[in-house]
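Engineer: Handing you a structure now.
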Amino acid sequence: MEMRGNGRRAVVIGGARTPFVKAFTDFTKMDTIALGVAAVSGLLKKTGLGHREVESLVWGGVILPGASPNVAREISLDLRLDPGCEAMTVTRACASGLQAVTLGAAAIERGEADVVIAGGSDSTSNAEIKLPQKVVHALAPLALGKPTPADYVGALSQMLPLNEVLPQRPRIAERTTGEVMGEAAERMARRNEITREAQDTFAARSHHRAAAAIASGRFDDEVVPVQTPSGKWVHADGLVRADTSVDKLAKLKPVFAKDGTLTAGNSSALTDGAAAVLLMSEEKARSLGLRPLATISSWAYVGVDPADQLLMGPALAMPKALDRAGVKLADIDLVDMHEAFAAQVLSVLKMLASASFARSRLGREQAVGEIDPERLNVHGGSLALGHPFGATGARMVTTMANELARTGKRTALLGICAAGGLGAAAVMQHP
Amino acid sequence: MNDFLLTLGKNQRARAFVRALGLPLPLPVSLRRDDGPWRERPLADARVVVGSTSGAKLASAIAECIASAGADPYLASPDSLSSAFRGPGETFGRPARPLSALGEDERVDALLFDATGIHDVAGLRALHEFFHPLVGRLNRSGRVIILSRSPEGAVPEAAGAQAAVDGFVRSVAKEIGRIGATANLLLVAQDAEARLAPVLRFMLSAKSAFITAQPVAITARARQLPEPPLVRPLEKKIALVTGAARGIGEATARALAREGAHVVCLDRPADTGPTSQLARSIGGTAIAVDLAAKDATAAIDAGLRPLGGIDVLVNNAGVTRDKTLARMSLELWNQVLDVNLGATMAISSAVDPLIRDNGRIICLSSVSGLAGNVGQSSYAASKAGIVGFVAAMANRLAGRGITVNAVAPGFIETRMTAAMPVAIREVARRLSALGQGGRPEDVAQAIVFLASPGAQGITGRTLRVCGGAFVGA
């Protein structure tokens with residue numbers, strides 16, 4: 001394995017997350033900071049780590065609160081961690097959670113810290129409805145100066161036509177292309193010839209595996225119950241449907257194109273939730289007598305043109321991360337891919353299996369390889385569990401770390417697609 | 001420069017009205033152009049129908065080219081073609097589908113036919129079989145491209161069949177010009193198939209909007225280059241454009257700069273104002289030289305030396321002194337020949353040691369030069385001379401990978417053509433397949449393409465940018 005810097009390695013000690021629930025349900029009154037507090041406090045309790053021992057909090061988020069965008073610092077202050085625990089918030093769209101983890105790992109490798117909590121959260125329920133800039137610019141003289149009556153009239157006169165000044169409903173659309181992410185995934189399904197049936201089959205499997213994991217208690221290690229402001233306790237993920245089937249999913253109507261193949265059933269839902277991971281240097285873990293679950297061995301981030309295949313990034317990032325870890329896809333025991341859309345995962349799998357893709361896009365003779373469905377998303381993925389944007393990466397790291405530790409398997413590969421044409425990947429190994 | 005009929009034609013109601021009255025007015029459609037920088041996928045989501053005869057050789061090159069350019073291929077003969085399209089389809093997410101997957105009335109953006117398997121008269125029937133049912137489904141500003149072999153050196157029957165394709169393309173160009181569509185012929189030498197893709201990409205794109213009825217020969221004459229870049233093809237290149245102050249020269253300087261070149265803008269000392277303004281706005285350099293003066297080449301040499309050499313020379317500067325032969329004085333004759341042909345040769349020779357390997361020389365010819373024109377004996381002589389000059393110069397420089405080509409504009413809307421008498425101007429505009437004048441940018445796009453590394457297969461040629469003028473080669 002490639003050794004970086006001074007040979008220090010970052011290891012995962014444990015992870016915890018809130019239940020993931022559908023937006024505008026149980027967590028509606030909890031913003032991204034409150035969700036983050038719930039996940040980090042659950043992690044501290046679970047690992048038995050003292051508040052003073054955390055040196056750094058790195059947090060990922062996509063829908064950041066305008067008044068306090070450094071969510072990480074707000075979490076650490078609300079939790080009354082030591083004020084000396086520094087904190088930063090990062091955003092790399094849906095890869096933000098993994099971004100936080102790999103930044104934490106990098107800081108440990110560089111010797112900047114020995115104990116880092118990394119994770120992410122998002123509350124789609126608390127996306128801020130923004131006033132159009134036109135209104136902001138028109139009102140600025142009234143708010144900032146000593147306005148005369150004429151100024152009020154002037155400001156009002158700039159408000160026409162009215163449809164331009166009404167608050168806009170937030171949408172997950174690419175800034176450069178204006179395309180909604182589901183439309184991009186719909187185009188990918190068509191271009192990579194991913195059938196509706198293949199998507200529904202994949203989605204059903206995600207639900208069945210997630211339901212089995214919940215039923216078996218497999219997630220009890222990672223999901224911490226959360227008490228909402230109304231006093232209600234939420235114990236379990238809210239989106240998983242044990243009773244779904246390909247037949248049931250086949251009945252759903254396409255949502256992004258009239259003759260399309262993407263439905264609410266084979267696309268991930270808007271979700272509220274948070275996940276956190278405790279990272280340490282190997283030495284620190286040893287000195288505290290803690291057993292590492294996994295190492296963070298390598299990672300890679302890539303960008304592609306969002307106007308082409310917006311969500312294909314993992315097909316480029318995963319081979320890169322494998323190379324950096326010095327392993328081949330054939331050596332990988334577990335693969336965990338973020339399921340933004342079944343069509344997107346299946347498109348990426350097709351690219352990884354294509355020799356001509358490998359030749360033209362990766363500059364290598366052999367295809368990266370096929371991924372056995374038995375090794376892929378063994379406990380389901382975002383289709384079933386939901387996808388609080390910033391939390392997903394830390395959820396995947398947690399699940400894979402636990403899986404490596406429980407099964408004794410050697411290596412796991414993570415892949416995440418993200419808005420803006422970004423892709424992310426990481427390799428985790430048995431310590 | 002305002003084309004009334006073109007403007008009128010943009011209005012759907014006016015179009016319907018003119019048609020209803022049965023007025024004999026040609027209403028040209030406005031061409032789909034792309035004035036922005038080169039794109040990685042210039043054909044994004046375009047429907048390209050691909051056909052071929054048995055024994056055709058270029059399927060792989062075509063497949064790779066159009067899939068990487070973002071087009072969706074539809075195969076007229078899936079049995080023979082689909083294996084070549086499978087790999088590129090996977091790579092770029094552009095799987096080839098059989099033509100039958102499209103509804104009968106669905107329109108297409110390009111018809112691409114590989115005719116390299118045609119060797120006799122019977123083989124020519126494939127052209128009819130492919131194009132006859134499809135030509136009516138071509139979109140406005142669509143493309144017809146046929147790939148063939150040059151008839152030179154073939155056995156007589158094959159040479160006749162291959163030459164026949166040329167006449168076919170020129171006629172199709174005239175038939176589809178009224179919808180702004182173009183038809184061109186790419187003659188691909190057997191040892192130059194690796195150089196086809198960038199040319200095909202350009203000819204299919206909106207950047208070749210005013211090039212039609214044009215055969216383009218692709219050969220292995222100039223030394224081979226590594227993989228050409230798809231975007232910003234002129235990054236880190238230095239280009240010299242003569243006559244840069246306005247018109248085609250200015251458009252060319254801007255277009256070269258847009259693709260990353262540092263452009264040295266040269267014009268007469270009297271035009272220092274606009275020349276230096278242009279240079280400033282594109283981050284280039286201005287030099288003032290009178291090309292008619294004796295010390296012109298020395299001045300250019302002095303201007304270029306500090307840059308340490310150049311990669312692209314565009315000999316654009318030219319003058320007209322139109323008079324019928326009986327009225328033309330020797331002085332006027334000399335002015336035209338000295339600048340248009342003499343200075344072009346002198347600059348090319350002077351720059352020869354300064355031009356880097358794999359460089360480009362592009363000279364401005366003219367359709368007048370190819371066809372002849374009343375009152376332009378001197379001008380046409382100078383511009384026809386360019387054709388011969390580039391052909392011979394190409395041979396001399398091929399070993400260094402330098403290509404030498406000419407661009408022959410047809411009727412282009414410039415200050416020069418705006419000064420023409422109305423009646424003559426109107427006739428000149430309409431007497432072309434596309435029924436309208438071109439823009440200086442159209443010529444500039446062709447020059448940028450010839451200047452790009454991807455044009456390594458084209459040398460010693462004259463490329464017409466004339467909208468399919470009814471006269472000219």
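Here, each number is a calculation from the coordinates, and none is a lab measurement. In this text the structure is predicted, and so the values were computed from the model without any measurement. Every residue, glycine as well, gets a Cβ built from its backbone with ideal geometry; the counts of neighbours run over all protein chains shown.
Engineer: So for region B:191-304, taking the charge dipole from beta-carbon charges (+1 Lys/Arg, -1 Asp/Glu), which of B:Phe210, B:Leu291, B:Gln277 sits furthest toward the positive end?
Structural biologist: Towards the positive end, the residue furthest out is B:Phe210.
Engineer: In degrees from 0 to 90, rounded to the nearest 10, what is the angle of the helix B:156-176 Cα long axis to the longest principal axis of chain B?
Structural biologist: For helix B:156-176, the angle is close to 80 degrees.
Engineer: Pull out the extension gain between B:Glu175 and B:Asp352, defined as 0.36 nm times the separation in residues minus the alpha carbon to alpha carbon distance; nm, one decimal.
Structural biologist: 59.4 nm
Engineer: Where does helix B:78-92 land angle-wise versus the long Cα axis of chain B, in degrees 0 to 90, nearest 10?
Structural biologist: That works out to roughly 60 degrees.
Engineer: Oh, and also: Which shape class applies to region A:6-142: rounded if a/c is under 1.5, otherwise prolate when a/b exceeds b/c and oblate if not, where a ≥ b ≥ c are the square roots of the Cα gyration tensor eigenvalues?
Structural biologist: Judged from the Cα gyration tensor, region A:6-142 comes out prolate (a/c at least 1.5, a/b above b/c).
Engineer: Counting just the Cα atoms, what span does region A:173-233 cover along each of its three principal axes? Round to the nearest Å and put the largest first.
Structural biologist: In descending order, the Cα extents are 44, 30, 17 Å.
Engineer: Distance check, please: which entries in A:Lys328/A:Lys409; A:Lys22/A:Lys232; A:Lys248/A:Lys350 exceed 18 angstrom between their Cα atoms?
Structural biologist: A:Lys248/A:Lys350
Engineer: While we're looking at this one, here's another question. Would you order B:Leu325, A:Leu376 from fewest to most other beta-carbon atoms within 10 Å of each residue's own beta-carbon?
Structural biologist: Arranged by neighbour count, lowest to highest, B:Leu325, A:Leu376 become B:Leu325, A:Leu376.
Engineer: Can you pull a Stokes-Einstein diffusion coefficient for chain B at 20 °C (1.002 mPa s), Rh from Kirkwood over Cα pairs, as a whole number of µm²/s?
Structural biologist: 94
Engineer: So, one more: Sort B:Tyr379, A:Tyr152 so the one with the fewest other Cβ atoms within 10 Å of its own Cβ comes first.
Structural biologist: Least crowded to most crowded, the residues run A:Tyr152, B:Tyr379.
Engineer: While we're looking at this one, here's another question. What residues have an amide H closer than 5 Å to that of B:Ala408, excluding those fewer than 5 places away on the same chain, when H is modeled at 1.01 Å from N in the peptide plane?
Structural biologist: B:Ser365, B:Leu463, B:Arg464, B:Val465
Engineer: Further question: Based on the alpha-carbon gyration tensor of region B:216-367, what equivalent-ellipsoid semi-axes (square roots of 5 times the eigenvalues) come out, in whole Å, largest first?
Structural biologist: Working through the eigenvalues yields semi-axes of 27, 19, 15 Å.
Engineer: Can you give the charge dipole size of the protein assembly as shown about its Cα centre, rounded to the nearest 20 debye, using +1 on the beta carbon of Lys and Arg and -1 on the beta carbon of Asp and Glu?
Structural biologist: 1300
Engineer: Within 10 Å of each Cβ in A:296-307, how many Cβ atoms from other chains are there, averaged over the peptide?
Structural biologist: 1
Engineer: Between B:Asn11 and B:Ala392, what is the spin-label point distance in nm, taking each point 7 Å from the Cα along the Cα→C-beta axis?
Structural biologist: 5.4
Engineer: Okay, next question. List nothing, just return the count: lysine pairs in chain B, 8 or more apart or interchain, with Cα separation under 27 Å.
Structural biologist: 11
Engineer: While we're here: Using the membrane-span-like helix rule (whole DSSP H runs, Cα extent along the own axis of at least 20 Å, mean Kyte-Doolittle hydropathy at least 0.0), which helices of chain A qualify?
Structural biologist: The qualifying helices are A:32-47.
Engineer: Which ³J(HN,Hα) values, rounded to whole Hz and listed in residue order, are derived for region A:249-260 from phi using the Karplus coefficients 6.51, -1.76 and 1.60 in 6.51 cos²θ - 1.76 cosθ + 1.60 with θ = phi - 60°, glycine and proline given as x?
Structural biologist: Once θ is set to phi - 60°, the couplings for region A:249-260 become 5, 5, 7, 6, 7, x, 10, 9, 8, 4, 9, x Hz.
Engineer: A further question on this structure: With an 8 Å cut-off on Cα pairs and a minimum separation of 6 or more residues, tell me the relative contact order of chain A in percent.
Structural biologist: 27
Engineer: Hey, what do the phi angles of region B:323-338 turn into as Karplus ³J(HN,Hα) couplings, whole Hz, using 6.51/-1.76/1.60 and θ = phi - 60°, x for Gly and Pro?
Structural biologist: 7, 5, 4, 4, 9, 7, 7, 4, 5, 5, 3, 4, 4, 5, 5, 5
Engineer: Okay, moving on. Set Lys and Arg Cβ to +1 and Asp and Glu Cβ to -1, take the dipole of the protein assembly as shown about its Cα centre, and tell me which of B:Gly123, B:Thr7, B:Pro353 lies farthest positive.
Structural biologist: Of the options given, the answer is B:Thr7.
Engineer: Further question on the same structure: Let me check against my output: what whole-number percent is the relative contact order of region A:200-288, with C-alpha pairs under 8 Å and at least 6 apart?
Structural biologist: 28
Engineer: Please give the direction-averaged projected area of the C-alpha convex hull for region B:31-218, in square nanometres with one decimal.
Structural biologist: For region B:31-218, the mean projected area of the Cα convex hull comes to 9.8 nm².
Engineer: Once you list every other residue whose beta carbon is under 13 Å from the beta carbon of B:Leu370, what net charge do they have if Lys and Arg are +1 and Asp and Glu are -1?
Structural biologist: So the surrounding residues net to +3.
Engineer: Average projected area of the Cα convex hull of region B:238-465, in nm²?
Structural biologist: 12.0
Engineer: So, one more: Using Stokes-Einstein with the Kirkwood hydrodynamic radius over Cα pairs, what translational diffusion coefficient do you get for region B:335-448 at 4 °C and a viscosity of 1.567 mPa s, in µm²/s rounded to a whole number?
Structural biologist: 85
Engineer: Also, quick follow-up: Across every pair of different alpha-carbon atoms, what Kirkwood hydrodynamic radius in Å does region A:370-431 reach?
Structural biologist: 12.6
Engineer: Which of B:Val387, B:Leu304, B:Val374 sits closest to the plus end of the dipole of region B:238-465, meaning its Cα is farthest towards the positive end, when Lys and Arg get +1 and Asp and Glu get -1 on the C-beta?
Structural biologist: It is B:Val374, whose Cα lies furthest towards the positive end.
Engineer: Is the C-alpha gyration tensor of chain A telling us rounded, prolate or oblate? Criteria: a/c under 1.5 is rounded; beyond that, a/b larger than b/c is prolate, otherwise oblate.
Structural biologist: oblate
Engineer: May I pose another question? Just want the ordering: A:Glu365, A:Glu74, from fewest to most Cβ atoms lying within 10 Å of their own Cβ.
Structural biologist: Least to most surrounded, the residues fall as A:Glu365, A:Glu74.
Engineer: What is the sum of charges, Lys and Arg at +1 and Asp and Glu at -1, for the other residues whose Cβ falls under 14 Å from the Cβ of B:His262?
Structural biologist: Local charge sum for B:His262: +4.
Engineer: Calculate how steeply helix B:440-451 sits against the longest principal axis of the alpha-carbon atoms of chain B, using the helix alpha-carbon long axis, and give the answer as 0 to 90 degrees to the nearest 10.
Structural biologist: Computed tilt is about 80 degrees.
Engineer: Additional query: In region A:269-342, if every C-alpha pair distance is counted and binned at 10 Å from zero, what percent goes to each bin?
Structural biologist: 13, 32, 37, 15, 3, 0
Engineer: With viscosity set to 1.002 mPa s and temperature to 20 °C, compute the Stokes-Einstein D of the protein assembly as shown, Rh being the Kirkwood radius across alpha carbon pairs; µm²/s, no decimals.
Structural biologist: 68
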